[in-house]
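Written out below as structure tokens is the structure these notes cover.
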Amino acid sequence: MQTDATLPRETVRFRPEVPKPRTEDLSLFGFLRAARENPITTWMRSHFEQPVVAADGVLGRVTVVSDPAFIRYLFVENARNYRKDDLQRRILAPGLGNGLLSAEGEEWKNQRRTIAPIFSARHVTSFSDSMNLAGARVARRLARRDGAYVEAANEMTRVSLDVLERTIFTQGLQRDPDAVGRAITRFLEAIGPIDPLDVFGVPGFVPRIGRLRARPAGRFFEEVVDELIERRRTLTAGGGEAPHDLLTLLLTASDPETGNGLTDLEVKANIVTFIAAGHETTANALSWALYCLSQDEASRERLETEADAAIGADGHFALADLPFAKAVMEETMRLFPPVPFMSRQAIREDRIGRIKIPKNSTVMVAPWVLHRHRTLWDDPDAFVPDRFLPENRDAIPRFAYLPFGAGPRVCIGQSFSLQEATIVLAHVAHAVRLDLAADHPPVVPLHRVTLRPQGGLRMVARARRKAGSERSSSPSPGLF
Ligand code: HEM
């Protein structure tokens, strides 16, 4: 555990308002309602205090594990005994096809081996130009709104889509950007809420209202991606030089063991997966960071000083020059983990410590709980970016902090998104100050697949330098 001795005490710490852990059990109806409206309101105080909590409920036996050694056992040492559980698969699979996030067994293994090199450090670093361009663009857009209200959560969604667009398809989506943006958003919103039919294991052929609503948006989006794949294949078949982007990397990837490439269907499923898995998660992490900084003057000033010093002559940031910005992002994802829980199903009966895990029962690791666990963190509810500075980072046990999961199914986009969020945050901090609107209702986390500020984040923008004095690269085209 990190102790207070290692962290600064001098400033007043910001403790965001969040739903209080429950002290009494919910009825079946109460649980279903809370799970549909905002699942993070279902957690009990015991979850934040005990290393393991096992209970029998609507989902059968559910064991929530928050002990780092037990989590290592679950995700690494005995990972073979646990598969993504049916609930998670039922929610994700209809939307994401059999991309990496929802595939299982041999299919997942082959895809993971084939796709992993695409997210190597070398490739991720090569995407920093695109991230800088997108970051500079959103920063300029915000600075131009000097003195006006901005919807910061929407802006963060736009910038994360801009990054994905620039890194997946260098040449853009080549469709009406607003129509594509709306289709993606509607598609993701519809797969978002947990449907009671999924909770009760009703078979997939029974239509879910939300999914039916998502269908037209999903189809339009798939059409766009199909077209792009076809055009790229034609370009490369005709000897044209393919741009360096994730689409080319996916189309040319080969399994290091078998030499097989991905089928067009797999390429498409993974593009949809990258957009679905990567856009809202990163956007929400950025939104929460802006919110926390608006409530913590000292951290905001420190970030501005770092960003002002780090920006290069070309208006670009390098990740290595932004340790505080990175720490802000990591601390934000501790308090507001974009993926608040992960669940697995036991293939065979097992034991975690002294707790029996029945065959087919569900085991959960909930970053929402783990990151605020009373036994693992000093002052768990306070926003303290210093925890993640290089000199303090080693004191955090590896399996106490899991915004990206762990083990074989750890997030493949982890370094990509941390690099993106840090660079974008630095651009915003360099260009503009964002204060929460004075009449803003309490900012409350809403859990919909990812954790977002309910009702958005209305902020007032204040440009930090006069228009025209910005040291940044010239405006570049982008869709979002
Ligand atoms: C702040 C941003 C992000 C967060 C917090 C996040 C979180 C996660 C988590 C927790 C998992 C593991 C789920 C589990 O074990 O059940 C995961 C898996 C995954 N993520 Fe991310 N993610 C982020 C960004 C991205 C990005 C940018 C991409 C792609 C460009 C991406 C692609 C994936 C994929 C493909 C998987 C499935 C990996 C597998 O099962 O092999 N994620 N992510």
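The values are calculated or read from the model by the stated rules, or taken from the named source; none is laboratory data. None of these values were measured; they are calculated from a predicted model. Neighbour counts run over all protein chains shown; Cβ positions are idealised from the backbone, glycine included. For the accessible areas, the whole protein counts, side chains as well, though only heavy atoms, and no ligand, DNA or RNA atoms are used. Shrake-Rupley method; radii C 1.70, N 1.55, O 1.52, S 1.80 Å.
Residues that are buried (at least 17 other Cβ atoms within 10 Å of the Cβ) and touching a Phe, Trp or Tyr at 6+ places or on another chain (Cβ under 7 Å) within segment 53-82 comprise PRO68, ILE71, ARG72, LEU74, listed in sequence order. Please tell me if GLU227 is closer than 23 Å to SER160 by Cα, away from the ligand (no atom under 16 Å from the Cβ), open to solvent by 10 Å² or more (accessible area, probe 1.4 Å) and not basic (Lys, Arg). Considered against the rule, which asks whether it is closer than 23 Å to SER160 by Cα, away from the ligand (no atom under 16 Å from the Cβ), open to solvent by 10 Å² or more (accessible area, probe 1.4 Å) and not basic (Lys, Arg), GLU227 comes out as yes.
Taking the conditions (1) of a type in the set (A, V, I, L, M, F, W, C); (2) more than 13 Å from the chain's Cα centre (by Cα); (3) open to solvent by less than 40 Å² (accessible area, probe 1.4 Å) in turn, ALA313 satisfies each one other than (3). Among the residues of segment 234-252, those identified as surrounded by fewer than 15 Cβ atoms within 10 Å (Cβ to Cβ), modelled with pLDDT of 85 or more and either under 27 Å from MET131 (Cβ atoms) or within 13 Å of the ligand (Cβ to nearest atom) (or both) are PRO243, HIS244, THR252.
Listed by first and then second residue, the pairs with beta-carbon distance under 9 Å, at least 6 apart or on different chains, first residue in segment 97-111 and on the phi > 0 side of the Ramachandran plot, second charged (D, E, K, R) and within 11 Å of the ligand (Cβ to nearest atom), are GLY105/ARG83. Restricting segment 320-365 to residues that are in contact with a Phe, Trp or Tyr (Cβ under 8 Å, 6 or more places away or on another chain) and among the aromatic types (Phe, Trp, Tyr) leaves a set whose member that is least open to solvent (accessible area, probe 1.4 Å) is PHE336. Here is the figure for segment 415-452: residues that are of a type outside the set (A, V, I, L, M, F, W, C) and without any contact (Cβ under 8 Å) to a residue 40 or more places away in the chain total 3. Does any residue of segment 349-371 turn out to be in contact with a strand residue (DSSP E or B) (Cβ under 7 Å, 6 or more places away or on another chain) and closer than 30 Å to GLU306 by Cα? There is no residue in segment 349-371 that is in contact with a strand residue (DSSP E or B) (Cβ under 7 Å, 6 or more places away or on another chain) and closer than 30 Å to GLU306 by Cα.
Kindly establish whether ARG462 is over 18 Å from the mean Cα position of the chain (by Cα), within 24 Å of GLU301 (Cα to Cα), modelled with pLDDT under 95 and away from the ligand (no atom under 16 Å from the Cβ). No, not satisfied. Do we have any residue at all in segment 279-299 that's within 16 Å of PHE169 (Cβ to Cβ), within 16 Å of the ligand (Cβ to nearest atom) and crowded, with 23+ Cβ neighbours inside 10 Å? Among the residues of segment 279-299, at least one is within 16 Å of PHE169 (Cβ to Cβ), within 16 Å of the ligand (Cβ to nearest atom) and crowded, with 23+ Cβ neighbours inside 10 Å, which makes the answer yes.
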